[in-house]
Structure formats: structure tokens, C-alpha cells
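What follows is a single structure, written as C-alpha cells, with notes after it.
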Amino acid sequence: MHNQSDTASSPPAGHFVRVVAVTGGKGGVGKTNVSINLSIALAQLDQRVLLLDADLGLANIDVLLGLKPERNLESVYAGECDLDDVIIDGPNGIRIIPASSGTQSMAQLGHQQHAGLIHAFSEMSNDIDVLVVDTAAGISDSVINFIRASQEVLVVVCDEPTSITDAYALIKLLNRDFGVSAFRILVNQTRSAKEGQALYKRLMATTDRFLDVMLRYEGEIPFDESVRKAVRKQRAVLDLYPKSDAAKAFQKLAGQLLKWPVTTAPSGHLEFFVEQLVDGVKS
């Protein structure tokens, strides 16, 4: 299957929240940078954004932004505090949930704790327009659970043979084992728009041949020295170099995201995301 046609739609009344998983199948593709800058670009478009660090083994959003959270999701699981207590403020008004250090705690939660976590997220949903989920690298159970629970999957790839191979492996696993059929592709660190299109076509040629999935090209983020400089200074490129080519590309991506159709099904509710997440861990 080829490109899916999107129709612009504004968020419905009530507390429907866009939940977008940013993933890549491997490390080193700049996925966390994409998650952070996309979140900031959305905030600049007057969206209330919550960024969830879902890398449960190697949390790094706080490191990239020079933040020092005192608590994380682990503290919520342990009953030490509420979800509100672990959220920290990031650039441009985005809010961040720092990652916990392991997946076992979530797997061991009792029914009452599961219900409490779901309730905590649903209580927050009236204050959120977009939840961006920064997944870990690879295709662990944790990564799959977060992606399955999300409404949209943004797969970040770059011009490395292993990036395309690993992205394909992720898409194949999600499609064949879990019925996920729609993926959005973002090419990072490109030298030209032509390079981004070529990479997308290579990936699509393989998926078209072997899988029944729908890929949509969401564009490219150009290679930009400003990104590296911002990382060194533990700042987001959109925050530090707002006029850079990379910053403009993130702003364009955020504008596109707001035109993606919004689901009004149960999956449009934030508590559904957490229910799915909990069910995935238990199964």
C-alpha cells in the first residue's frame, strides 16, 4: 500500500488527546532529539504538550535538556507520590514525565495500582492536547507496548543501512504480530530533500513487497550543525537556534501533525493509552 491521504481536522470537544509514539527500531537515529523538538514546536503552536520519556532502561530526555528530576514514574508505581508530582517543566512550556529505571515494577503492579495510574492520567487529560512518547531503541516488549498503546507511530530513520533494516524489522513485528498497519516516516539528518525521499522509497519498496502496511512520508530534518551545538549545551535546537534549518523543519512537522485526523474512538482518551499499556505489560 502507498500513501494514505489525510484530511485536516481540529480536535473534538471533550478530552481527546493525540498520542504519538516516536520510535526508530535502533539507537543513534536522533529519536529523542526529534521527540523534544517536536514537542517544543507543538507548544509554539499553542498546544498543551506532555512528553513522556518511555526509555525505561536509559532515560535521556532530562540529560539532553540539562534537567535533574527528583522523582520519576517509578515513584508513582511505588505509591510515593502522585503523577503530578513527577512532572517537570521543560522549554517553551512543555511538561515532561521522566522515565523510570526498569520495567519490572510496572509488571508487578496490582489491580488497584493499575487503576490508580489510569485514573491519574485520565485526570490530567483535560490539560493535555498532545502526548509525545519517546520510546527506547530496539524492539523490546516495553517499546512494543508503548507503540501499541499510541494512536500514531512516527518512525525515525537516517541514511545508514542498519537504520532502514531495523525500521523494517520494527514495522514487520508490529504489523504481523499486533496488527499495526499505519506508520508515519520521518528521515533525520538528511543532506537534501531528495535524499529523504529516496530513503523513504527504499523502505516503502520493501514493505510493499512483504507487508500489508500503509506508510506516509512526513518529510525530513536536515543535517544541521546547530543540532550538535545545542546538544553540547544541553538545550533544544528550537530553543537555542530557532532560525536554524533544523528548527524550521521541526516547526513544519508540528504543523503537519496538527492536520492528522483525530480519533474520536475510545483510543482518543488518554486513559485508554494507559489501559492498553498496562494490558500489554500484563499479557
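The values are calculated or read from the model by the stated rules, or taken from the named source; none is laboratory data. Everything quoted here is computed from the prediction, not taken from an experiment. Backbone-built Cβ (ideal geometry, glycine too); neighbour counts: all protein chains shown.
Please verify whether segment 52-60 includes one or more residues that are within 19 Å of S142 (Cβ to Cβ), crowded, with 19+ Cβ neighbours inside 10 Å, modelled with pLDDT of 80 or more and charged (D, E, K, R). Yes; the residues of segment 52-60 include at least one that is within 19 Å of S142 (Cβ to Cβ), crowded, with 19+ Cβ neighbours inside 10 Å, modelled with pLDDT of 80 or more and charged (D, E, K, R).
Every test in (1) closer than 23 Å to L174 by Cβ; (2) modelled with pLDDT under 90; (3) of a type in the set (V, I, T) is passed by V34 save one, and that test is (2). Are any of the residues in segment 260-267 at pLDDT 95 or above and hydroxyl-bearing (S, T, Y)? No, every residue in segment 260-267 fails to be at pLDDT 95 or above and hydroxyl-bearing (S, T, Y). Mind listing whichever residues of segment 24-39 are of a type in the set (A, V, I, L, M) and either without any contact (Cβ under 8 Å) to a residue 12 or more places away in the chain or assigned to a helix (DSSP H, G or I) (or both)? Answer for segment 24-39, where residues must be of a type in the set (A, V, I, L, M) and either without any contact (Cβ under 8 Å) to a residue 12 or more places away in the chain or assigned to a helix (DSSP H, G or I) (or both): V34, I36, L38. In segment 190-209, the residues that are under 18 Å from D224 (Cα atoms) form Cβ pairs under 6 Å with partners that are in a helix (DSSP H, G or I), at six or more places apart or across chains, as follows: T190/G196.
If only residues of segment 141-175 that are more than 14 Å from L52 (Cα to Cα) and either among the basic types (K, R) or at pLDDT below 80 (or both) are counted, the one that is farthest from the chain's Cα centre (by Cα) is K172. Where helices (runs of 4 or more DSSP H) fall entirely within segment 119-219, those with at least 2 residues that are of a type in the set (S, T, Y) and in contact with a strand residue (DSSP E or B) (Cβ under 7 Å, 6 or more places away or on another chain) are at 193-210.
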